[in-house]
Structure formats: C-alpha cells, structure tokens
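This report concerns only the one structure given below.
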Amino acid sequence: MAAPLELSCWGGGWGLPSVHSESLVVLAYAKFSGAPLKVSVIDNTWRGPRGDVPILTTEDSIVSQPAKILNFLRKQKYNADCELSAKQGADTLAYIALLEEKLLPAVLHTFWVENDNYFAVTKPWFASRIPFPLSLILPGRMSRGALNRILLTRGNPPLYHLQEVEAQIYRDAKECLNLLSNRLGTSQFFFGDTPCTLDAYVFGFLAPLYKVRFPKVHLQEHLKQLSNLCRLCDDILHCYFRRGPGDG
C-alpha cells in the first residue's frame with residue numbers, strides 16, 4: 001500500500017481552493033496527475049513553519065517548494081506530462097521560467113506590497129488564519145519577505161528605486177500575460193485537451209489575481225481583458241475544484 005501523501009497549504013476564498021499561488025500550483029498538479037493527496041488547510045491550530053508552505057509529508061519525507069513537490073510526485077508515478085513530446089517538455093520549462101521571472105514579482109507586489117491591497121485584503125485574510133500573537137507579526141514578515149524577493153530579482157541597476165521597480169515589474173507582467181494568451185490561443189489547455197504542469201503553474205499564478213477582490217486592480221484589469229486565460233482558470237475550477245479545501 002502506498003504511503004499517504006499529506007499536503008499542508010493555505011486555504012481558500014473567493015471561490016478558490018487556495019488563495020496562495022504556490023499552494024494552488026501543487027493542488028492543481030495533483031488533480032491533473034491523479035495524486036491522492038490528503039489536504040490539510042492551515043488554520044489557527046497549525047504549528048508548522050508557515051513560510052515553507054506548501055509542504056508535502058509522507059511516512060519518511062518532507063518536501064517543500066512546488067517544483068520539488070511536483071518532481072517527488074512524478075517519481076511516485078503521478079505524472080501529468082507523460083504524453084508531452086520532448087519539445088513540449090522543453091517549452092514547459094521555458095514558460096515556467098518566464099512566469100517566475102516576469103509574472104511572479106507583480107503577483108507578489110499586488111498581494112503583499114501594494115498598500116491598499118495589503119491592508120484591506122491580504123493582511124486581514126492571513127491574520128485571521130494565524131494564532132494570536134503571531135497574527136500581529138507574521139503578515140508583516142511575509143510582506144517584507146515578498147518585497148525582498150522582488151528587489152532581489154528586480155532591484156538591480158538601473159532600477160534603484162522602488163517606484164522604478166514597480167513600473168518595470170508591471171510592464172513585464174503585462175507582456176508575460178500577453179505571451180501566455182497568444183500561446184494558449186483557442187486551445188482548451190496549453191498542450192491540447194489535457195492539462196499538464198504548465199497549466200498548473202499558470203492557474204496557480206493567475207487564479208488569485210483573477211478572483212480575489214482587490215481595491216487596486218491594475219494588473220487584474222489587464223488579465224480580465226485576456227478572455228482565454230480567464231476561461232482557462234474558470235474551466236480548471238469547474239472541472240477539478242467544485243468544492244475546494246478551505247472554501248467551505
């Protein structure tokens with residue numbers, strides 16, 4: 001009998017199984033590959049290192065970070081990419097690198113750095129799921145971590161100031177969204193009729209941006225103009241997450 005696979009992740013809201021992009025990537029891939037995960041949603045009773053979420057736990061292993069978790073699942077014969085050609089596999093890696101370089105900084109900024117969004121949406125949501133007194137400390141630490149992650153990758157010369165960095169990351173994010181929309185075209189998924197790793201990453205990065213109701217919606221408005229990307233998110237939610245963990 002296979003060892004049980006337990007995934008600890010942030011919970012859901014706004015019709016999403018999780019509002020956390022990296023948790024969503026793993027949840028989607030598990031659905032696509034048929035991996036039988038037991039999902040444990042973080043709540044006020046959870047005592048693990050939340051900064052490492054999502055975390056996959058088995059009888060003898062603890063794995064964090066989406067790429068490492070997906071590789072672990074593939075080794076357990078849960079492979080959503082088994083029908084891809086070598087070229088499609090290479091394209092998958094290239095597009096994931098593009099997402100992480102060009103889109104992720106803007107997603108982090110939208111949630112954790114943009115003041116109106118952080119104080120009205122992100123901080124209250126995460127604080128409500130963290131026990132007191134950590135609820136007073138951890139969201140701010142996560143916000144600073146997101147800003148440091150943005151500046152580490154994008155704060156190099158000639159972009160010395162945060163305002164310059166912000167302008168550039170949103171330009172890059174819009175360009176990335178346009179490229180993804182052009183690549184998807186009228187197809188149901190990125191490589192045909194069956195979702196794979198790239199669909200999981202795109203869904204994980206885009207669905208929170210698409211569904212969470214923010215007061216500042218600069219990038220969200222651009223995404224909603226790209227109807228095929230929104231349709232991809234809606235289709236995955238409808239087909240695989242009719243009742244998501246943490247979403248009631």
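The values are calculated or read from the model by the stated rules, or taken from the named source; none is laboratory data. Computed from a predicted structure; not experimentally measured. Note: ideal-geometry Cβ built from the backbone for every residue, glycine included; neighbour counts use all protein chains shown.
Hey, can you tell me all the residues within the stretch 48-61 that are modelled with pLDDT under 90 and touching a helix residue (DSSP H, G or I) at 6+ places or on another chain (Cβ under 9 Å)?
Arg50, Gly51, Val53, Thr58, Ser61
Condition check ((1) loosely packed, with under 14 Cβ neighbours inside 10 Å; (2) under 25 Å from Asp193 (Cβ atoms); (3) of a type in the set (Val, Ile, Thr)) across all residues:
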| residue | (1), (2), (3) |
| --- | --- |
| Val26 | no, yes, yes |
| Pro36 | yes, yes, no |
| Ile42 | no, no, yes |
| Ala80 | no, yes, no |
| Leu93 | yes, yes, no |
| Pro105 | no, no, no |
| His109 | no, no, no |
| Asp116 | yes, no, no |
| Lys123 | no, no, no |
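Output the residues belonging to the stretch 3-20 that are touching a strand residue (DSSP E or B) at 6+ places or on another chain (Cβ under 6 Å), among the hydrophobic types (A, V, I, L, M, F, W, C) and outside any loop (DSSP other than H, G, I, E, B).
Correct list: Leu5, Leu7.
For the stretch 185-193, state whether one or more residues are β-branched (Val, Ile, Thr) and in a helix (DSSP H, G or I).
no
Please enumerate the residues belonging to the stretch 221-241 that are surrounded by fewer than 18 Cβ atoms within 10 Å (Cβ to Cβ) and either assigned to a helix (DSSP H, G or I) or touching a strand residue (DSSP E or B) at 6+ places or on another chain (Cβ under 7 Å) (or both).
Glu221, His222, Lys224, Ser227, Asn228, Cys230, Arg231, Asp234, Asp235, His238, Cys239, Tyr240
So which residues in the stretch 82-104 are in contact with a Phe, Trp or Tyr (Cβ under 9 Å, 6 or more places away or on another chain) and not aromatic (Phe, Trp, Tyr), if there are any at all? Write out each step before concluding.
From the stretch 82-104, those in contact with a Phe, Trp or Tyr (Cβ under 9 Å, 6 or more places away or on another chain) are 83-85, 88, 91-92, 95-96, 99-100, 103-104; that's our starting set.
Scanning the stretch 82-104 gives Glu83, Leu84, Ser85, Gln88, Asp91, Thr92, Ile96, Leu99, Glu100, Leu103, Leu104.
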